[in-house]
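Just so it is clear, none of the values below were taken in a lab; they were calculated from the coordinates. Keep in mind it's a predicted model, so treat the numbers as computed, not measured. No Cβ is skipped: glycine too gets one built from the backbone with ideal geometry, and neighbour counts run over all protein chains shown.
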Amino acid sequence: MSISLLRIKSLNPILQVIVLLSWAFVAGNAISEAYEGPFILLSWVNNLLIALFFVSALMLAQVRADLRRSTDPEILLRKILVGGLFTLTLVLLSQLFPQGNKGPIVYFTSEIYPLLASLPLIVYLSWTFARLRFLIDERTASTRQMLKVFLGMLLLSAVAAFWPLPPVLLYIFYGLALIPAFSLLMRVRWIAGLQPGSRIFVMAYLFLITWVHLGLLLWFIVQDSQGIFHGQAIQNPFPLMLMMFNGLYALMALLAVLFNWPMSAIMERRNSDIDGFQTLHEQISHRGSAEDIQELLLDLCYRNSGAKAAWFTRPVEGGNQVQYLKRGEVALGQISRWESGLKLQQDPEIIDRDGHIYVSDAARHDAFKELAFEYRTALSFPMSVNGQHEGNLVLLQRVEDAFDDYAIRMLGTYVNQARLALEKNRLVAQAVENERMKNEFEIATRVQENLLPKHIPQPSWLQISAAYQPAQEVGGDCYDFFEKGEDLYMVQGDVTGKGMGAAFNVAELKGIFHSNLDYLDQPDEFLLRVNRAVTACFDRDIFLTLVYLGFRPLQNQFVYARAGHCPVLFYSASKGEATYLDDKGMGLGIVRDDSYRKYIQVNNHRFDTNDIIVLFSDGIMEAVNPESGEEYGQERIRQVVARHAFFTADEIKEKILEDVKVYLDGERAGDDITLLVIKFQ
Amino acid sequence: MNTTNKPSGLHLNSEPIAGGVILHIKGDLDASSSLDFDIRLKEMIAEGHRNFIFDGEELAYIASAGLGVFISNKDDVYDQGGQFVFCGLKESVLNVFTLLGLTDLFSFVETREEALQTIS
């Protein structure tokens with residue numbers, strides 16, 4: 001027979017009707033029989049109705065219980081107790097009626113009433129069993145199997161009311177039922193999950209439920225001698241089995257709670273251990289700060305280990321000092337003595353392979369001689385994250401050898417968990433910092449690129465090719481062109497500083513250039529004014545280097561001044577050689593007054609068709625070959641230009657960049673690379 | 001002799017002389033070590049030293065931040081009649097000073113003896 005049939009919800013109303021009708025017919029028949037009424041049921045019909053009543057009551061209880069699953073033992077047992085007291089009161093009401101041997105009233109009291117009271121009795125018993133099932137069910141296959149078997153036997157016993165069994169078979173049946181019954185009586189695992197506060201109530205309920213069932217059983221046995229259902233009580237296996245089982249189960253659970261009282265303390269400790277884990281875990285996912293995690297670890301260990309004193313020492317950044325987080329009663333002076341004593345411990349017996357130190361009796365160790373021995377046991381967990389010392393957790397107990405293996409293992413797991421949390425913290429912080437740096441770099445690069453001229457002038461007599469490659473760290477390179485009538489001016493500069501700061505300096509410098517455009521045709525005046533502005537605008541440790549070039553195509557002449565920048569390379573097509581122009585000139589922002597004028601050297605130079613001028617920043621000169629460790633210097637660029645003088649400006653620029661790239665051999669340049677190639681045509 | 005070891009790989013030895021100090025600079029004057037160097041130099045200026053001889057025989061490299069240290073402290077020293085004298089600089093390092101035009105501002109000599117003479 002399929003048990004799942006019992007759980008069909010739609011059966012609920014039908015079953016209610018069947019229970020009531022079958023009971024009504026049985027009771028009516030009994031009354032009619034007693035008072036010699038007009039109409040008496042055949043004996044087998046009566047038995048069939050009794051069986052129907054039992055079966056439907058059992059099934060109804062199972063169906064209804066499934067509809068209202070409640071698993072809190074305290075509430076469940078309270079309901080069972082209340083129902084039990086109510087039922088017991090109902091059935092005992094018969095005792096209030098006059099007792100005796102004669103008369104219709106006495107007959108009612110002794111014969112009819114018990115039969116009427118059997119409705120609440122059978123319903124209550126079935127209902128209680130269906131409720132107890134939730135406690136018994138340990139959610140294992142074997143429990144469920146046993147429940148099915150026992151339920152099947154209950155159904156059999158209910159059906160058996162139709163055909164009262166001969167005594168031999170009846171006893172065999174009882175014997176067989178004992179097997180699943182006893183198996184189920186042992187299923188009291190739920191008592192382990194009881195809340196400490198509800199344990200005492202549960203015990204009281206169980207105690208009373210046991211008595212209620214005993215009372216019902218006694219009443220049933222007494223009444224049965226006068227005949228409810230089938231003569232003697234023993235011949236009614238269905239109510240009997242339910243009463244016995246329910247009562248015994250309450251008794252077993254009561255005993256289990258009683259004898260497991262000491263165990264429950266351990267269970268509570270484990271539960272709080274698990275809670276501790278959860279809290280630590282939450283901290284990890286909520287990214288508590290390192291301090292939060294350390295504090296949490298200390299609290300957890302202090303609370304869950306039952307230690308009388310505990311502390312966490314952590315090194316203060318950038319110093320030899322340590323910070324203390326303290327719990328319990330221990331003086332700071334004592335802490336430092338314990339710490340230094342623990343640090344001295346090299347005894348392999350007390351240093352576990354997991355790295356914790358367990359001093360089972362400080363009085364027996366020399367290292368702790370100076371202590372007052374207020375505390376005897378010490379347990380220490382030095383913590384390091386990624387090889388860096390993060391702190392030390394110490395727990396103290398007053399009695400010696402106070403931590404058992406379980407406690408040490410448990411605390412060790414906490415420490416490991418916290419270590420993971422700290423490690424994760426650090427990784428996240430690193431990732432955030434990296435992201436920030438990357439963003440800053442990207443912004444700086446963009447700012448700097450925006451500062452470069454969008455449009456390079458291309459007059460008919462001149463080719464200009466420019467390249468700008470930012471380094472990993474943005475520098476302060478810049479260049480700009482200004483056209484004034486036929487004349488063309490250009491500056492190439494480099495402000496000291498790296499990163500965002502350098503980019504802002506370049507922006508400021510561009511402003512300085514533009515505010516002095518009127519003086520472009522007077523190089524010394526232009527530079528002097530720029531120097532003034534730089535002195536006024538920038539900090540004293542910031543300076544800039546610059547090359548100024550002014551082309552006068554009508555005179556085939558160019559004017560130039562070098563203010564501390566890389567020298568100007570000039571290729572003469574007529575001579576077929578490249579040379580650095582010999583000159584002097586000081587960087588801007590160094591001499592901070594107008595005496596700077598005397599450090600400015602303005603030079604004039606003639607140019608002809610196919611002559612070449614190359615300007616570059618120190619990113620090229622200081623490019624380092626990873627193998628030799630030498631810098632690229634000035635000579636190599638000179639040779640490249642001399643070799644490729646017949647190419648266009650663009651091509652020469654590419655040749656130089658390629659040569660520098662080969663020289664760097666996969667490394668990145670340490671500074672920005674700016675390159676300007678000018679070819680006259 | 002008073003030795004300062006900086007974690008950035010720059011070693012400074014200072015040696016007091018009459019009216020000033022000889023600073024032996026060893027290692028790299030890059031962006032990070034320049035910060036330490038600047039602090040040290042400012043301390044010495046605050047202590048009243050006026051003439052500084054920088055012995056750069058073992059100065060391997062100087063970045064613009066390193067030059068910035070000399071440039072930014074220059075006025076405090078020169079305004080009070082002091083001076084910066086560099087001796088024994090490697091060619092590559094000297095070249096950096098030369099390009100920037102600092103050879104017109106500070107004194108550059110080959111040996112300590114010449115440097116001492118320059119001061120007196």
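So here's what we get for this one:
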{"item": "For A:Glu435, A:Glu449, order by how many other beta-carbon atoms lie within 10 Å, fewest first", "result": "A:Glu435, A:Glu449"}
{"item": "Order of A:Arg144, A:Arg668 - criterion: other Cβ atoms within 10 Å of each residue's Cβ, fewest first", "result": "A:Arg668, A:Arg144"}
{"item": "Nearest-20 debye value, the protein assembly as shown charge dipole, Cβ charges on Lys, Arg, Asp, Glu", "result": "5720 debye"}
{"item": "Charge tally in the Cβ shell below 13 Å around A:Arg532, where Lys, Arg are +1 and Asp, Glu are -1, A:Arg532 excluded", "result": "-1"}
{"item": "Peptide A:620-626, shielding by other chains (average Cβ, 10 Å cutoff)", "result": "1"}
{"item": "Positive dipole terminus of the stretch A:614-681, leading residue within A:Asn625, A:Ala645, A:Val614 (C-beta point charges)", "result": "A:Ala645"}
{"item": "Hits among aspartates and glutamates - C-alpha to C-alpha of A:Lys679 under 13 Å, sequence gap 8 or more where chains match", "result": "A:Asp608, A:Asp611, A:Asp650, A:Glu651"}
{"item": "Neighbouring partner chain Cβ atoms per residue of A:536-544, average, 10 Å criterion", "result": "4"}
{"item": "Net +/- balance of residues flanking A:Leu546 in space, Cβ distance below 12 Å, scoring K and R +1, D and E -1", "result": "-2"}
{"item": "In nm, spacing of pseudo-spin labels at A:Lys424 and A:Arg364 (7 Å Cα→C-beta vector)", "result": "4.0 nm"}
{"item": "Relative contact order (%) - the stretch A:407-546, alpha-carbon pairs under 8 angstrom, separation at least six", "result": "20 percent"}
{"item": "Sorted peptide list for A:629-635, A:153-159, criterion being average Cβ within 10 angstrom, highest first", "result": "A:153-159, A:629-635"}
{"item": "Gain on full stretching of the segment that runs from A:Tyr580 to A:Lys326 - 0.36 nm per residue minus C-alpha separation", "result": "84.3 nm"}
{"item": "Point-charge dipole on Cβ atoms (K/R +1, D/E -1) for chain B, about Cα centre, debye to 20", "result": "140 debye"}
{"item": "Inter-part distance where the stretch A:163-193 and the stretch A:517-579 are each reduced to a Cα centre, Å", "result": "109 Å"}
{"item": "Distance violations [Cα-Cα > 25 Å] among A:Lys308/A:Lys343; A:Lys308/A:Lys369; A:Lys584/B:Lys74; A:Lys484/A:Lys575; A:Lys454/A:Lys510", "result": "A:Lys484/A:Lys575"}
{"item": "Inter-chain shielding of B:93-100 (mean C-beta neighbours from other protein chains, 10 Å cut-off)", "result": "4"}
{"item": "Amide H within-cut-off set for A:Ala563, under 5 Å, with H built and near neighbours excluded", "result": "A:Leu546, A:Val547, A:Tyr548"}
{"item": "Net charge over other residues, Cβ less than 14 angstrom from the Cβ of A:Phe86 (K, R count +1; D, E count -1)", "result": "+2"}
{"item": "Average Cα contact separation per residue, chain B, under 8 Å, 6 or more apart, as relative contact order %", "result": "22 percent"}
{"item": "Chain A: relative contact order as a whole-number percent, Cα under 8 Å and 6+ apart", "result": "8 percent"}
{"item": "Helix A:167-185 axis, angle to chain A major axis (alpha carbon atoms, nearest 10°)", "result": "30 degrees"}
{"item": "Distance between the stretch B:5-44 and the stretch A:128-147 - C-alpha centres, whole angstrom", "result": "84 Å"}
{"item": "Residue exposure sequence - A:Lys454, B:Lys90, A:Lys575 - by fewest surrounding Cβ within 10 Å", "result": "A:Lys454, A:Lys575, B:Lys90"}
{"item": "Value at 222 nm in deg cm²/dmol, rounded to 500, when DSSP H runs of n ≥ 4 in chain A each add -39,500 (n - 2.57)", "result": "-17500 deg cm²/dmol"}
{"item": "Prolate/oblate/rounded call for chain B, Cα gyration tensor, a/c under 1.5 rounded", "result": "rounded"}
